[in-house]
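Data block below; observations after.
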Amino acid sequence: MNYGFVKVATAVPCVKVGDCKFNSTQIEKEILIADGKGVQIITFPELSLTGYTCGDLFAQQLLLEEAEMGLIQVLNNTRQLDIISIVGMPVPLNGALLNAAVVFQKGKILGVVGKTYLPNYKEFYEKRWFTSACEIEETQVRLCGQIAPLGRNLLFETSDTTFGIEICEDLWAPIPPSSTLALQGAEIIFNLSADDEAIGKHAYLRSLIKQQSARCIAGYVFSSCGFGESTTDVVFAGNGLIYENGALLSESKRFSLEPQVVISEIDVERLRTERRVNTTFATCRTYTPAVAPIRISTEYTNSKELSLTRTFNAHPFVPQGPELDGRCEEIFSIQVSGLAKRLVHTHAKSAVVGISGGLDSTLALLVCVKTFDKLGWKRKDIIGVTMPGFGTTDRTHANAVSLMNSLGVTVREISIKAACLQHFEDIGHDEQKHDAVYENAQARERTQVLMDIANQTGGLVVGTGDLSELALGWATYNGDHISMYGVNGGVPKTLVKHLVKWVSENDMDPVSRNTLLDIVDTPISPELIPADEQGNIQQITEDLVGPYELHDFFLYYFLRFGFRPSKIYFLAVRTFKGCYDETTIKKWLATFFRRFFNQQFKRSCLPDGPKVGSISISPRGDWRMPSDASSEAWLREIEELQ
């Protein structure tokens, strides 16, 4: 299976302006390189067979004939290859001359696309030689002894995807042809360009491609002229760029003197899911021109074994590099703003938080502190409650108390042991039997304590459970599952740690900072089972349900893009190679899907809480699912994984 990936390439060949024989040979070389690497579609720069900067040579019959002979050479020498190639060349047509893209495969010209918008300002004067595709009525052209479809509305349908073409300036227009092509079914847009360089222009170009690929929910493959075209008054850097729905997948080295083939894989399955979910995209189809596209089927070829060149972030919820700091600040601000509104609206006099010394309750407390500071309220009206139980360790208890004291909130300590023992006696449960009753009774007792204190103080209970726990159902129903406002409900576990660390490094006193850093280093545990003889945590969450970094990876690709288990497994095996073996990944993948389906009933009645990222599992947000949906199909596919 190729899992929806289409391997594409953007090429920047060596070019000699006006030397079509040389240029065709260089194009052949790059087609052969790409085909050998499993590329399915490759594109070259604008007018790559002649060179873009030929000027008035475009009026020379010899140059036009040489260009056609060069294309014949390329067609003949690549007719045994499966790869689809797109080259730029001038194409004469009934007294006009088109700046065109020629699409071919196995020696056959599939179609010819003319440039729609011809720049005729500043250093550009294309209307001196070329005619816009808008002015052409013909729908066929004779080229290299073949009759080929002609038009700016051609859609090329392969066994794996549908693609369209625009040429350079077309992208810079207020309504690019790619917008219409995408709405008519193109999942990938190829742009043959001759984009020259100027200060700041490259950043603007990248922003254009990024935005257009995002607006069209499409892949965008851009190829622009390089070193060989740098002549007279303009310089070309050889920009090869591959985008997918606003994300850069791969790019060429700018100003290189050597030819380049830049390869990546565009996930058209993901794009299709995005388009189906985004109903605005479908609505826009009603505004497309009435002219129907011409659909051209390419030759079916057997899919080669998929070899991914692109990589996937093992922690997709956690930004990499300098972006992390800004993202943490933004998420924390969203949490604070949401809680502030709820506190003001309910006229709350206090916020009550259960503090365990773990990551989630720590983050919730920090959000409360920042919210009260922002509102100008006294921190003493935040009531932090630590409730030692049968599994509470000295480390977590000490951290909980230390943090509350250093932050200046009201500290209350209420042991739940006696209440739970009384409860066990009331219902006739053996306290030595450490089962679900034993664990859940503690969680529900803690929730009761918090709710009653909130009633006492005219406040509301701030929930601590995070996105990952809610996805797995790792919460006690009517226990820590319930609160009056859940500030962490949109934050995945892999990001909670970074948020706490970020807060510790920003405007935090030394004592609180040291406590926060120790909390970050503490193993994740519900602490519902007694510690060992040395006082160490016995109940490690990730030993029971699996590593959170795997579950967050599964969660992201399942909910964000609707990927099937086999594809998630395929990506996880490659992404976590050296960290987890295939058996381990398969085991926890099955755990994820089983728990996700079985625990939906808990998510169906979640308390309010802010959405902070691209995923929310609130029944009022991104995810609506029946509580009794069957996981059979998903688990069966996992069982069949090899």
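Computed from the coordinates by the stated procedures, all read-outs in this text should not be read as laboratory data. Please read these numbers as outputs of a predicted model, since none were measured by experiment. Here the Cβ is made from the backbone with ideal geometry for all residues, glycine too, and neighbour counts use every protein chain on show.
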At the level of C-alpha centres, the distance separating segment 323-359 and segment 191-255, in angstrom, is 42
In whole angstrom, largest first, the equivalent ellipsoid semi-axes that the Cα gyration tensor gives for segment 533-642 are 23, 21, 14
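In percent, what relative contact order does segment 1-125 have, based on Cα pairs under 8 Å that are 6 or more apart in sequence? List each step's numbers first, then the result.
Working: 218 pairs, mean separation 28.3, N = 125.
Relative contact order comes out at 23 percent.
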Here the relative contact order (percent) of the chain, from C-alpha pairs under 8 Å and at least 6 apart, is 11
Most packed first (mean Cβ within 10 Å per residue), the peptides 190-200, 42-52 order as 42-52, 190-200
Rounded to two decimals, the Debye log10 I(q)/I(0) of segment 235-379 (Cα scatterers, no solvent) at q = 0.09, 0.11, 0.13, 0.20 Å⁻¹ is -0.63, -0.82, -0.95, -1.30
Binned at 5 Å from zero, the C-alpha pair distances of segment 5-297 give percents of 1, 6, 13, 19, 21, 18, 13, 7, 2, 0, 0
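Roughly what percent of Cα-Cα pairs across the chain reach past 46 Å?
On the way: 70139 of 205761 pairs.
Summing the P(r) tail past 46 Å for the chain gives 34 percent.
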Out of SER525, ASN488, CYS605 - ranked by how far each Cα lies towards the positive end of the dipole of segment 488-642, with unit charges on the beta-carbon of charged residues - the top one is CYS605
A correct Karplus calculation of ³J(HN,Hα) over segment 271-286, with 6.51 cos²θ - 1.76 cosθ + 1.60, θ = phi - 60°, whole Hz and x for Gly and Pro, returns 5, 5, 5, 4, 5, 5, 6, 7, 5, 4, 4, 5, 4, 5, 4, 6
A correct fewest-to-most ranking of CYS216, CYS420 by other Cβ atoms within 10 Å would be CYS420, CYS216
To the nearest 10 degrees, the tilt of helix 565-575 (Cα long axis) against the first principal axis of the alpha carbons of the chain is 90
Here, ARG215 and LYS577, labelled 7 Å along Cα→Cβ, have an inter-label distance in nm of 3.9
Under the 7 Å Cα-to-Cβ spin-label approximation, ASN405 and ILE147 lie apart by a distance in nanometres of 9.2
Per residue, the convex hull enclosing the Cα atoms of segment 323-639 spans a volume in Å³ of 145
Highest mean packing first, using Cβ neighbours within 10 angstrom, the peptides 19-26, 93-100 sort as 19-26, 93-100
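Counting Lys and Arg as +1 and Asp and Glu as -1, what is the net charge of the other residues whose Cβ lies under 11 Å from the Cβ of THR476? It would help to have the intermediate numbers written out before the result.
Numbers: positive: ARG444, ARG446, LYS602; negative: GLU439, GLU445, GLU469, ASP480.
Around THR476, the surrounding residues sum to -1.
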Restricted to the chain, the DSSP antiparallel beta bridge percent, nearest 5, is 55
With the 8 Å Cα cutoff and a minimum separation of six or more residues, segment 323-639 has a relative contact order in percent of 20
So ASP233 and ARG310, fully extended at 0.36 nm per residue minus their Cα-Cα distance, gain in nm 24.0 nm
Once amide hydrogens are built 1.01 Å from N within the peptide plane, the residues lying 5 or more places from LEU97 or on another chain with amide H under 5 Å from its amide H are THR131
With ARG152 itself left out, Lys, Arg at +1 and Asp, Glu at -1 over residues whose Cβ is under 11 Å from its Cβ give -2
